[in-house]
Amino acid sequence: LVEIIVVLVIIAILAAIAIPTMLGFVNEARQSEYIAEGRTAYVAAQTIATREIALDKTVAEAQAAITIDAVKAITGSATKVVKLGTVTVNGTSGKVETFECYVSKTSSTTGAGYKVTINTLNNTATCEKVNDVSK
């Protein structure tokens, strides 16, 4: 009986160490998925900006052309990006330098999700949880 109790205590200790570690891996994988969704939307935004600059539009017009509807027209309805935030286009090169979008877990325009920020100036992508993607 004592041996069984000792084995159960050892299993409980191992579970107490392993479960938080596994949850951390799951959260990192989820964030990587949302960053990938954001990068897909970023490529669509870059396509729109390049097209607009090639048509001799101003930077303001190019930035205004980058809408969620225009992005979804390129990426299709499979993307979980539900809203765009700040998008900055370089006036000289036409490159999208900063791109911010909101990704929903269920492609819903309300509820919890993640804000993905892609910065091409320092080559970073961040993902932070938000309580409501519509705000």
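The values are calculated or read from the model by the stated rules, or taken from the named source; none is laboratory data. Computed from a predicted structure; not experimentally measured. Here the Cβ is made from the backbone with ideal geometry for all residues, glycine too, and neighbour counts use every protein chain on show. These accessible areas exclude ligands, DNA and RNA; they are computed on the full protein's heavy atoms, side chains included. Shrake-Rupley method; radii C 1.70, N 1.55, O 1.52, S 1.80 Å.
See the values below:
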read-out	value
Gain in span if fully extended, residue 135 to residue 119, counting 0.36 nm per residue against the direct Cα distance	3.6 nm
Dipole moment magnitude, nearest 20 debye, region 1-74 about Cα centre, only Lys, Arg, Asp, Glu C-beta charged	60
Accessible-area value, residue 117, 1.4 Å probe, nucleic acids and ligands omitted, Å²	40
Mean residue ellipticity (222 nm) of the chain, computed from DSSP H runs ≥ 4 via -39,500 (n - 2.57), nearest 500	-17500 deg cm²/dmol
Heavy atoms of residue 102 accessible to a 1.4 Å probe, total area in Å² rounded to 10	30
Overall form of region 1-131 per C-alpha gyration tensor (a/c, 1.5; a/b vs b/c)	prolate
Label-point separation, residue 98 to residue 43 (7 Å along Cα→Cβ), nm	2.5
Accessible-area value, residue 67, 1.4 Å probe, nucleic acids and ligands omitted, Å²	60
Degrees separating the helix 2-54 axis from the principal Cα axis of the chain, which is the longest one	0
For region 2-135, size of Cβ-based charge dipole, Lys and Arg +1, Asp and Glu -1, in debye	180
Accessible surface of region 63-135, 1.4 Å probe, proportion on carbon and sulfur as whole %	48
Separation of the residue 60 and residue 16 label points, Cα + 7 Å toward Cβ, nm	6.2
Region 3-71 - convex hull of the alpha-carbon atoms, volume per residue in Å³	82
